[in-house]
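Working notes for the structure below.
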Amino acid sequence: MAQVNIKKVVKEYEGGVQAVKGIDLDIGDKEFVVLVGPSGCGKSTTLRMIAGLEEITSGAIEIDGNIVNDVPPRDRDIAMVFQNYALYPHMSVYDNMAFGLMLRKFPREEIRRRVENAARILDIGPLLERKPKALSGGQRQRVAMGRAIVRDPKVFLFDEPLSNLDAKLRVQMRTEIKKVHQTVKTTTVYVTHDQVEAMTLADRVVVMNHGIIEQVGPPQVLYHSPATKFVAGFIGSPAMNFIPARLEQASGALNVRLSDGALLPVPADRTARYAGHAGREVLFGIRPEHLTAASQMEARPGLAPLSLTPEVVEPLGAETLFYCWRDGGEICAKIDPGVAAAPGVPLAMTADMNRMHIIDPATDKVL
Amino acid sequence: MSASAARPSDVLPGLGRKIGSLRQERRWALITAYISLVVAAIVMLAPPFYMLITSLKTSAEISNPVGTPWIVRDPTLANYTALISDPMFRGFFWNSIIVTVLVVAVTMVISVLAAFALARMKFFGSQVLATGVFLTYLVPDTLLFIPLYQIVGGLDLLNSKWGLVLVYPTLSVPFCTWIMIGYFASIPKELDEAALIDGANWMQMLTKIFIPVALPGIIAATIFAFTVSWAAFVYPTAFITRPDEMPLTIGVVSQLIRGDTFAWGQLMAGALLAAMPPVIVYAFLMDYYIAGLTAGATKG
C-alpha cells in the first residue's frame, strides 16, 4: 500500500521529442487512478516511467515517499499487467505466477499459499497446471493479473490490459478488475484509451493529451464540469457537440446566438459567469443526451427550444441517435426511441441549457 | 450440345461461363510437385545408396563389375568389421567426437551470450556489430585457412585436434549468433519487461526466460554447429597430417587411399559410418526444431 507522487516529470526521447511535458500527479494510497487519452498522449510512457521501464528525463517519481528515479524495476515493489499479457510461454500457470516469488527466494509453502489464494480470487484454480497456449484470452488476462496479485506489491500498474479482448469479455474483465481492486485494495495506476473503461473503473481519471495532463478528477466531475474543450469532447459517448455561437446581451439577459439565428437563453444562475464574454464568439458545447425531442420533455426552466433536421438516424434500441450538419459541424442528438425521427423532416428539440458549456475558442478552456 | 439443354452460360454469354477449374489447377500443381519431389529424392538419395551398395561388396566384386553395379551379388560386412576393428579408424571417430562436442559447446556459449547482448542490450554500436558478425560468416574457409594456418602454427597447434577446436568456431559462431539474434528478436519485449519487474537480473532473464523460450532456435543453431564441425574438410586437411590427430572426414580419405589404390569398399563403409551421427542427430531433433515453443506467449 503506497502513494505515488509524480513531480514535474519530463520524458524526452532522442531527437528532442517530448512524450511527457512536465506533469504533476499525486496518487493516494489504495486509490484507483486511470490515465486516459488518445494514442501518443504520453499515458503509457508515464506508466512505464512509474514501472522503471523508461528513464525519466527530469523531475521525480516517488513511491511510498522514496524517490525511485534510479531504482531498477525489480526494487520498486510494483507489479505490471501488460496489454499482450506477457506470460512466460514455457511455464505453467502456476510457475508463471510463482516466478517473481521464486526469484525473491520466498519459502515454497508461502509461494503455494499465495498462488492458490490468487487463483481463488481470479477463479483460475483448475488452470494452474496448464501452459499459456492452452488458455483463452480472458484466462490469460486473469493469469497476468494473478502474477501481479501474488507479489502483493505496493502498486499495480495496468497497461491497456483489456485491449486485446473482444467487447463482451472486456466488459466482464472490467468488472473483475474492479472486484479485485476492492478485494486487495492496492494502489492502482491503469492506462487505457477507452473512456468508458476509465469512467467505470476509476476513483479518479487523469485525462492526458499531447504529453500534458488536461484534467484530473472523479468520473462524474469530468463529465459534468470538464475544464477544457479536449476533456469535454473526450469524456462521454457520443462526444459533446461543439457549435460556433455568439454570446449576446439583451436587456439584462444573456443569450447564445447560433449562426442561423436561433437564440438560446443562458440560465439566470450562469449569466454572471459568462457576462465578461458577452459579445464574443464562443463555442457552445452540449452533449447529445442533453439535446432531446421537445415531445419527450416536460417544460421546465432552462430548456430552450431548437429546431433540428435529422439527416442520418441511428436507432440503437434503447435510444435513437440522429445526426445533422450545421455550420460545417456535425451535431448529434440522443432522443427517445418512441419519437418519430425521419431524415429531412424538421424535429422540435430542446437544449438543456443547465447542462451546456461555453468554451473560449482562443484558449479552448471551458468558461 | 443440344438446344434444349441450354445452360445460362449459353443464354447469357460472359455470365457464369466456366473460365477454368480450381480443382483441376490444384491437381496439376500436385502432380508437378510430386514429379519434382520424386526426381529430387532420386538425385539426392542415389549417392548414399551407391555408397551402401559398394560398402557391402567385396574388393573382387568392385574391381570386376559384371552387369549393373547397382546390385550386390555377394554381400559382405567385411568392410565394416575391418574398419571397426581398426584402432586407427576408431581413433578418427573419437577425434571427431571430441572436436565436435567441444566446438558445439564453445559455439553455443559464445553465440547465445553474444546474440542476447546484441538483440536486447541496446549499446553503442550494437547494430554495426550485429551486421559485422554476419559479414564474417560470408568469408569462405578456403580463403581463411592460409592466415589461420599462420595463427594455428604460431600457437604451436598444428597437427593437433585442439587447433581444430580453436578454428572451427570461426565458422560456426557468426552464423549461430545470427540465427540466435533473429530468434531472440522475435521474443516479445514485454516478456523481458515482465521478467525485469518480477525481479530477474540479466543472467536470470537469459537462463530462465530466453533460453527456454528460444529452445527451437538454439537447437537449430546446435545442429548447424554440429554439422560444420563434423563435416569440416578444408581446415583439417590443411592443419593435420598426423593420423592419430585426424578427424573422420580426412582420416577416411587419407588412410584408405594409399597411393593410387582406392580401398573403395572400406571408403564407402567409412563414409557411411561417418554420416551416421548427423543422421541420428537430425532424426531426433528435427521435430523439436520445427515445433514452435513461443505459441501462447502473447495474444495468440
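The values are calculated or read from the model by the stated rules, or taken from the named source; none is laboratory data. Since we're looking at a predicted model, the values are computed, not measured. So basically every Cβ, Gly included, is an ideal-geometry build from the backbone, and we count neighbours across all protein chains shown.
What to note about this one:
- Test: residue in segment B:104-113 that is among the small types (Gly, Ala, Ser), surrounded by 12 or more Cβ atoms within 10 Å (Cβ to Cβ) and farther than 30 Å from B:Ala214 by Cβ: no
- So A:Asp123, is it over 29 Å from the mean Cα position of the chain (by Cα), surrounded by fewer than 22 Cβ atoms within 10 Å (Cβ to Cβ), more than 10 Å from every other protein chain (Cβ to nearest Cβ) and closer than 29 Å to A:His193 by Cα: no
- Summed over segment A:292-307, the residues that are over 18 Å from A:Arg270 (Cβ atoms) and either at pLDDT 80 or above or assigned to a strand (DSSP E or B) (or both) give a count of 6.
- A count restricted to segment A:50-71 and to residues that are part of a strand (DSSP E or B) and within 14 Å of chain B (Cβ to nearest Cβ) stands at 1.
- For segment B:202-222, a residue qualifies if it is facing another protein chain (nearest Cβ under 7 Å) and surrounded by fewer than 22 Cβ atoms within 10 Å (Cβ to Cβ), and the qualifying residues are B:Gln204, B:Pro212.
- Count of segment B:260-291 residues, restricted to those that are assigned to a helix (DSSP H, G or I) and at pLDDT 80 or above, is 21.
- Residue match in segment B:71-93 (condition: at pLDDT below 90, surrounded by 15 or more Cβ atoms within 10 Å (Cβ to Cβ) and in contact with an Asp or Glu (Cβ under 7 Å, 6 or more places away or on another chain)): no
- Residue within segment A:72-94 that is within 14 Å of chain B (Cβ to nearest Cβ), among the β-branched types (Val, Ile, Thr), assigned to a strand (DSSP E or B) and in contact with a Leu (Cβ under 8 Å, 6 or more places away or on another chain) present: yes
- Filter result for A:Arg130 (within 21 Å of A:Lys179 (Cβ to Cβ), touching a residue at least 12 places away in the same chain (Cβ under 8 Å), of a type in the set (Lys, Arg) and within 10 Å of chain B (Cβ to nearest Cβ)): no
- When A:Phe99 is tested against the conditions (1) over 30 Å from A:Asp24 (Cβ atoms); (2) part of a helix (DSSP H, G or I); (3) of a type in the set (A, V, I, L, M, F, W, C); (4) more than 9 Å from chain B (Cβ to nearest Cβ), the lone failure is (4).
- Of all residues in segment A:308-317, those satisfying the criterion of being among the hydrophobic types (A, V, I, L, M, F, W, C) and assigned to a strand (DSSP E or B) are A:Leu308, A:Val312, A:Val313.
- If the condition is being β-branched (Val, Ile, Thr) and at the interface with chain A (Cβ under 8 Å from one of its Cβ atoms), then segment B:183-201 contributes only B:Ile197.
- Filter result for A:Arg170 (in a helix (DSSP H, G or I) and facing chain B (nearest Cβ under 9 Å)): no
- Enumeration of residues in segment A:27-39 that are in contact with a strand residue (DSSP E or B) (Cβ under 8 Å, 6 or more places away or on another chain) and either hydroxyl-bearing (Ser, Thr, Tyr) or part of a loop (DSSP other than H, G, I, E, B) (or both): A:Gly28, A:Asp29, A:Lys30, A:Glu31, A:Gly37, A:Pro38
- Close pairs from segment A:143-155: first touching a residue at least 24 places away in the same chain (Cβ under 8 Å) and crowded, with 23+ Cβ neighbours inside 10 Å, partner hydroxyl-bearing (Ser, Thr, Tyr) and assigned to a strand (DSSP E or B), Cβ under 8 Å, at least 6 apart: A:Val155/A:Thr187; A:Val155/A:Thr188
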